[in-house]
Amino acid sequence: RRYRLAQTIAKIGNWELDCETNTLYWSPEVFRIFDLPPQTFSPSFDAFLNLVHPGDRELVQTTYQEHLQGHRPYDLVHRICLPDGQVKYVHQQCSTVYSEDNRPLLSRGTIQDVTELQETQIALEDLNAELEKKIQVRTQELENSQKRYQVLMDHAADAILLADLDGNLVECSHKAETLLGYTVAELQTM
């Protein structure tokens, strides 16, 4: 009971796939994650794949096959489709036991509902992308403003001298250099 309660609280279930008989066992929490009744749904690898979001199905199949061939555990986040059409994100981990002649015997894994975390991450990525766009627009506006300012300074008919609050010369127009007979560098040292 404690084990099942822990799985329910963590929204994480476990599964085992007998690779020789293609028999798949799901813990009660896996049924809850997929919103399927254990009394009427018979888990199998093919049935599981049919529940994987079509956009992620090839990724899941490829990852599992590479896992079997490479004898390395896998760790994957992908989408699943519930019977009511709702989409969830799940995090799967798996390792497999092999025979002495390297045939896969038993794959064991966990699956965790990470929908809330994934949706939050996607929202943050969207906000970051939106912020990046705003920064690019603002940067372009500032660059355009600086260019207009520079054109005005370069072509002003009058002498323009700009100083900071301490009285230090910050910038002057070309006309100021011509009228005063000093370069900007010389004016800044006065």
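General observations
- Sole exception among (1) open to solvent by less than 80 Å² (accessible area, probe 1.4 Å); (2) aliphatic (A, V, I, L, M); (3) more than 30 Å from residue 27 (Cβ to Cβ) for residue 111, by number: (3)
- Residue count for region 26-55 satisfying the condition of being farther than 19 Å from residue 105 by Cα, of a type in the set (D, E, K, R) and surrounded by fewer than 19 Cβ atoms within 10 Å (Cβ to Cβ): 2.
Rundown of residues vs (1) open to solvent by less than 90 Å² (accessible area, probe 1.4 Å); (2) of a type outside the set (A, V, I, L, M); (3) at pLDDT 85 or above, yes/no style:
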site	(1), (2), (3)
147	no, yes, yes
151	yes, no, yes
159	yes, no, yes
162	yes, no, yes
174	no, yes, no
177	yes, yes, no
180	yes, no, yes
185	yes, no, no
190	no, no, no
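- Where a residue in region 1-14 is without any contact (Cβ under 8 Å) to a residue 60 or more places away in the chain and part of a helix (DSSP H, G or I) and its partner, wherever it lies, is of a type in the set (Asp, Glu) and open to solvent by less than 40 Å² (accessible area, probe 1.4 Å), with Cβ under 8 Å and at least six apart: 4/29; 7/29; 8/29
- Summed over region 15-52, residues that are in contact with a Pro (Cβ under 8 Å, 6 or more places away or on another chain) and either within 18 Å of residue 67 (Cα to Cα) or in a strand (DSSP E or B) (or both) total 5.
- Only residues that are within 13 Å of residue 35 (Cα to Cα), in contact (Cβ under 8 Å) with a residue 12 or more places away in the chain and either open to solvent by less than 60 Å² (accessible area, probe 1.4 Å) or in a strand (DSSP E or B) (or both) were counted across region 62-88, and they come to 5.
- Complete set of residues in region 108-146 that are in a helix (DSSP H, G or I) and of a type in the set (Lys, Arg): 133, 134, 138
- Residue list for region 89-109, filter: under 26 Å from residue 37 (Cβ atoms) and out of contact with any helix residue (DSSP H, G or I) (no Cβ under 9 Å at 6 or more places or on another chain): 93, 106, 108, 109
- For region 92-102, the criterion of a residue being open to solvent by 40 Å² or more (accessible area, probe 1.4 Å), aromatic (Phe, Trp, Tyr) and farther than 22 Å from residue 121 by Cα is satisfied by at least one position.
- Which numbered condition residue 90 misses (of (1) at pLDDT 90 or above; (2) out of contact with any His (no Cβ under 9 Å at 6 or more places or on another chain); (3) among the hydrophobic types (A, V, I, L, M, F, W, C)): (2)
- Count - residues of region 1-52 that are farther than 21 Å from residue 116 by Cβ and of a type outside the set (Lys, Arg): 27
- Test: residue in region 65-79 that is under 17 Å from residue 112 (Cβ atoms), at pLDDT below 95 and of a type in the set (Lys, Arg): no
- Residues in region 147-179 that are part of a loop (DSSP other than H, G, I, E, B) and in contact with a helix residue (DSSP H, G or I) (Cβ under 7 Å, 6 or more places away or on another chain): 156, 157, 158, 159, 160, 173.
The values are calculated or read from the model by the stated rules, or taken from the named source; none is laboratory data. What you see is a predicted model, and the numbers here were worked out from it, not measured in a lab. Quick reminder, even Gly has a Cβ in these numbers, built from the backbone with ideal geometry, and neighbours come from all protein chains shown. Note: areas computed on protein heavy atoms with side chains; ligands, DNA, RNA excluded. Shrake-Rupley method; radii C 1.70, N 1.55, O 1.52, S 1.80 Å.
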